[in-house]
Amino acid sequence: MQIAILGTGMVGRALGSRLAGLGHTVVMGSRQAGNPAGTAWAESAGPAASAGTFADAVAGADLVILATKGEHAQAVLGMVGADLLAGKVVADLTNPLDFSQGMPPSLFISNTDSLAERLQRAFPEARFVKTLNTLNADLMVDPGRLPEPTAVFLSGDDAAAKALVRGMLESFGWAQIVDLGGLSTARGTESWLPLWIRLWGALGTASFNLRIVREGDA
Ligand SMILES: NC(=O)c1ccc[n+]([C@@H]2O[C@H](COP(=O)([O-])OP(=O)(O)OC[C@H]3O[C@@H](n4cnc5c(N)ncnc54)[C@H](OP(=O)(O)O)[C@@H]3O)[C@@H](O)[C@H]2O)c1
């Protein structure tokens with residue numbers, strides 16, 4: 001596949017490197033072509049990796065990974081443009097974190113709405129799937145770093161879009177992939193962040209994740 005990575009932070013770089021390593025063609029986007037983080041990543045990630053603007057990345061992409069700061073996600077998609085996004089599967093890894101009052105951050109959207117739904121409303125012809133926002137970037141692409149199998153979630157209204165994203169998760173090694181249902185279920189996974197941040201502090205590491213165990217499971 002040709003995959004667009006929107007975001008040059010640790011999530012974008014982790015996803016980009018893993019996907020390039022799996023044989024995909026990966027284009028990392030940022031606000032400016034020639035962004036040092038994007039250029040350095042492309043030089044390190046092999047011949048199938050390149051960098052450009054957010055719009056350069058999405059042009060021709062079979063899958064778009066949205067990994068920008070949550071507060072700027074809508075503006076970034078606006079830089080790409082609704083026409084280019086129409087029909088694209090957008091895996092949304094962002095979180096609606098508000099750091100304006102310092103640590104710990106609060107959520108700038110919650111309870112009766114989610115960032116994923118807000119983005120879907122703004123770009124109705126794109127096909128959003130919320131996933132991977134519940135854990136640290138290194139674990140997103142390599143769940144085997146943990147000693148036991150753990151869970152990752154999918155939320156989305158488009159079954160074919162979710163199937164494409166599920167395939168990517170399976171290629172990373174994810175086995176417990178919990179389909180929560182429609183995109184509004186992202187309200188749940190985005191609301192996990194306040195507890196995730198406190199666990200990070202209490203455990204002294206970001207390398208942890210949820211495991212879902214039901215009565216009756218073997
Ligand atoms: N870090 C984690 O382990 C983790 C885990 C789960 C979810 N997440 C979520 O994943 C997303 C990415 O996190 P991250 O830590 O990799 O990176 P980040 O620092 O949150 O975001 C980096 C990206 O945001 C863009 N950006 C920053 N300011 C902007 C502005 N004013 N206008 C437009 N774009 C702007 C940057 O664009 P340029 O490239 O142009 O500079 C860059 O591509 C976040 O929403 C975060 O909450 C992170």
In nanometres, what is the gap between the two model label sites at F108 and A159, each 7 Å from Cα along Cα-to-Cβ? 3.6 nm
Once phi is turned into θ = phi - 60°, what whole-Hz ³J(HN,Hα) does the Karplus curve with 6.51, -1.76 and 1.60 give for every residue of segment 102-108, x standing for Gly and Pro? x, 8, x, x, 9, 9, 8
For segment 2-203, size of Cβ-based charge dipole, Lys and Arg +1, Asp and Glu -1, in debye: 180 debye
With only alpha-carbon atoms counted, please give the Rg and Dmax of segment 94-218, in Å. 14.9, 45
3J(HN,Hα) from dihedral phi, segment 125-132, Karplus parametrisation 6.51/-1.76/1.60, rounded to Hz, x for glycine, proline: 8, 7, 10, 7, 10, 7, 6, 6
So, in nm, how far is label Q74 from label F99 when the simple model puts each one 7 Å beyond its Cα toward the Cβ? 2.1 nm
As an exercise, use a Förster radius of 22 Å and the Cβ-Cβ distance of A218 and E148 to find the FRET efficiency, rounded to the nearest 0.05. 0.95
Compute the distance in nm between two label points, each set 7 Å from the Cα along the Cα-to-Cβ direction, one at S44 and one at F208. 2.7 nm
Which percent, to the nearest 5, of DSSP beta bridges fully inside segment 2-203 are antiparallel? 15 percent
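Give the shape of the chain as rounded, prolate or oblate, defined through the alpha-carbon gyration tensor: a ≥ b ≥ c are the square roots of its eigenvalues, a/c under 1.5 means rounded, and otherwise the shape is prolate if a/b is larger than b/c and oblate if not.
Note, shape of the chain comes out rounded.
FYI, it's all coordinate maths here, none of it is from the lab. Please read all numbers here as calculations on a predicted model, not as lab measurements. We place every Cβ from the backbone using ideal geometry, glycine too, and count neighbours over all the protein chains shown.
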